[in-house]
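What follows is a single structure, written as C-alpha cells, with notes after it.
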Amino acid sequence: MDKPIAVSCGDPSGIGPDVILAAICMQTDPLPPFVCFGDPDQLALRAELLGLNVDVSVLVTPSDAFDAAPRSLPVVPLSARFAEQPGKATADHAKGILEAIERAVQGAVDGKFCGVVTAPIAKKPLYDAGFQHPGHTEFLGELAGRIDPNRARAVMMIAGPELRTVPVTIHIPLADVPSALKQADIEETIEIVHRDLQSRFGISAPRIAVAGLNPHAGESGALGVEDDTVVAPAVTRKRAVGLDVRGPLPADTMFHAAARTAYDAAICMYHDQALIPAKTLAFDDGVNITLGLPFIRTSPDHGTAFDIAGTGKARPDSFIAALRACETMALFEGQQA
C-alpha cells in the first residue's frame with residue numbers, strides 16, 4: 001500500500017485504546033501502517049496503565065506512518081481532549097469521538113488514507129449528548145451521503161474466516177422488522193453486496209444466499225406472508241438481471257458447514273439473524289465491514305466493553321483482523337482502478 005489506514009479512537013473510556021495499543025505490542029507479523037485520530041496524552045496514560053511499552057507520538061504527515069518505529073503509535077491530535085477514566089462512559093467525550101470518525105473519513109475521502117478502521121463506540125453516551133443516529137453504521141452512511149449522494153446507503157457486513165453475513169435491517173426493535181422490511185431495500189442490499197464482493201473482495205462472480213424472515217421461510221404463507229410477498233420478489237428481480245442469488249432460504253439450515261460452501265455471503269432480514277451465526281463462528285477475529293460507502297470502513301466486531309477497559313483483558317485479535325481486512329480490500333479496490 002502507498003497510503004496508511006486511518007483509525008478512529010472510539011470511546012476512550014472503553015477498550016478501543018486497549019486493543020489499539022495491544023495490537024502494536026502483540027503482533028506476530030507486521031501490521032499495515034496506520035495512524036490514530038485521538039488524544040495523545042490519554043492514549044499514553046492508557047499505555048502506562050496497561051504496562052505496554054508504546055511510544056505515542058504526534059503525527060506530522062500521513063506518510064510518516066510508514067517510518068514509524070516498532071512499538072510506536074502515530075496519533076493525529078483532536079481538538080477535543082479526553083479524560084483518562086477507563087470504564088466510566090460520559091457524554092463529555094461525544095464531541096471528540098465524533099470528531100475522530102469525521103476526520104478519519106474525510107482523510108480517506110481526500111485520498112490521504114486507503115481506508116478507515118473505527119474502534120468501538122457506545123450509543124448511550126452519544127445519545128446523551130444529542131447524537132441522532134441509531135449506530136455507527138448509520139452515522140457513516142450519513143457522512144457518505146454528504147460526500148456522494150448516489151452511494152449513501154450503508155450496509156453492514158460481519159465477516160470472518162468462514163462466513164460473511166449482512167442484515168437488511170439493523171438497529172431497530174425486532175417487533176418493528178416485518179413492517180420495516182421493504183422489497184426495494186432487499187434489492188438494493190443484494191446489489192451493494194454483489195458490487196462490493198467484486199470490487200473489494202476480488203470475487204468475480206459472487207454467490208449470494210438470502211434468508212427468509214419467518215421460520216421455514218414462511219412455509220408457503222403458513223408461518224408468515226413476508227417471505228412470499230417481500231423477500232421472494234426481491235430475489236426474483238435480481239436473478240432476472242443476472243445476479244447469482246438464491247432464496248428465501250430457511251435460516252435454521254443456512255449456516256452449517258456444508259451449506260456455507262454454496263455462497264460467498266448471506267443476506268439476513270434482521271440484526272441477530274445475521275450476527276449470531278457470524279459471531280458464533282468468529283467471536284474473537286470477526287470484522288464489522290460497512291459496504292456501499294465511497295471509502296473502505298472496517299471495525300472490530302465487538303463493543304466498548306467498559307467493564308474490562310484498562311485491565312489488560314481485552315484481546316486485540318478483532319482489531320488486527322479489521323486492519324488486515326481494510327488493507328486487503330484496499331488492494332483489491334486498487335487493482336480494479
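The values are calculated or read from the model by the stated rules, or taken from the named source; none is laboratory data. Just so you know, these numbers come straight off a predicted model, no measurement behind them. For neighbour counting, all protein chains shown are included, and Cβ atoms are generated from backbone atoms with ideal geometry for every residue, glycine included. Ligands, DNA and RNA are excluded from the accessible area calculation, which covers all protein heavy atoms including side chains. Shrake-Rupley method; radii C 1.70, N 1.55, O 1.52, S 1.80 Å.
Here are the numbers:
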| item | result |
| --- | --- |
| Value of relative contact order over the chain, rounded to a whole percent, pairs C-alpha under 8 Å and six or more apart | 24 percent |
| Reciprocal of mean inverse Cα separation for the chain (Kirkwood radius, Å) | 20.4 Å |
| The stretch 1-136, Rg to Rh (Cα coordinates; Rh as Kirkwood inverse mean 1/r) | 0.95 |
| Ellipsoid equivalent to the stretch 200-337 - semi-axes via the Cα gyration tensor, in Å | 31, 21, 12 |
| Protein accessible area in the stretch 77-178, 1.4 Å probe - carbon and sulfur % | 49 percent |
| Separation between Cα centres of the stretch 203-279 and the stretch 3-64, rounded to whole Å | 39 Å |
| The stretch 1-158: antiparallel DSSP beta bridges as a percent of all, rounded to 5 | 0 percent |
| Max mean-square fluctuation residue, GNM over the chain, Cα-Cα springs under 10 Å, options Asp284, Asp92, Asp176 | Asp176 |
| Links that overshoot a 30 Å alpha carbon limit, given the list Lys112/Lys279; Lys88/Lys112; Lys124/Lys279; Lys3/Lys182; Lys112/Lys313; Lys3/Lys238 | Lys112/Lys279; Lys88/Lys112; Lys3/Lys182; Lys112/Lys313; Lys3/Lys238 |
| Mean Cβ count within 10 Å, highest first, over the residues of peptides 263-274, 55-66, 287-298, 302-313 | 287-298, 263-274, 302-313, 55-66 |
| Listed residues Met26, Met1, Met156 arranged by accessible area, highest first, probe 1.4 Å | Met26, Met1, Met156 |
| Residue-averaged [θ]222 nm for the chain, counting only DSSP H segments that reach four residues, each worth -39500 (n - 2.57) | -11000 deg cm²/dmol |
| Global form of the stretch 134-189, assessed from the alpha-carbon gyration tensor, a/c cut-off 1.5 | oblate |
| Computed over the stretch 207-337: relative contact order in percent, which uses C-alpha pairs under 8 Å that are six or more apart | 21 percent |
